[in-house]
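Following: one structure in structure tokens, then a few remarks.
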Amino acid sequence: MSETPIIFALLALIYAIIMFLLPFFIMRIRREVIAINQKMSRVEDLLVQLAGKPPLASAAAPKTDDRERLLKVCENCGRKNAIREVKCVGCGDVLQ
């Protein structure tokens, strides 16, 4: 008898075990990344407090005014600018 079917069966068994355990490893890595991101956000907040500057506007959630228009908030002076503005109307700093 040939040993090839036994080798293929063993490889298939190893593959099945790895595929079963893969989601658990992915979830563990995901939880660790989320925890690291939370710690880094806290470190950034503390550094901003130490520097004495107001916190930066979040890029994930653009600011809106009372009429739901999108705004750019100046990182330097905190002034609200129209979304089409390239430079801050208040201080002239380049908007991100």
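The values are calculated or read from the model by the stated rules, or taken from the named source; none is laboratory data. All of these numbers come straight from a predicted model, not from anything done at the bench. All accessible areas refer to the heavy atoms of the entire protein, side chains included, with ligands and DNA or RNA removed. Shrake-Rupley method; radii C 1.70, N 1.55, O 1.52, S 1.80 Å.
Condition (residue is modelled with pLDDT of 80 or more and open to solvent by 90 Å² or more (accessible area, probe 1.4 Å)) applied to the stretch 51-70: is it met by at least one residue? No, there is no match, as no residue in the stretch 51-70 is modelled with pLDDT of 80 or more and open to solvent by 90 Å² or more (accessible area, probe 1.4 Å). Kindly provide the set of residues from the stretch 1-43 that are outside any helix (DSSP H, G or I) and open to solvent by 90 Å² or more (accessible area, probe 1.4 Å), ordered by number. Within the stretch 1-43, 1, 3 meet the criteria.
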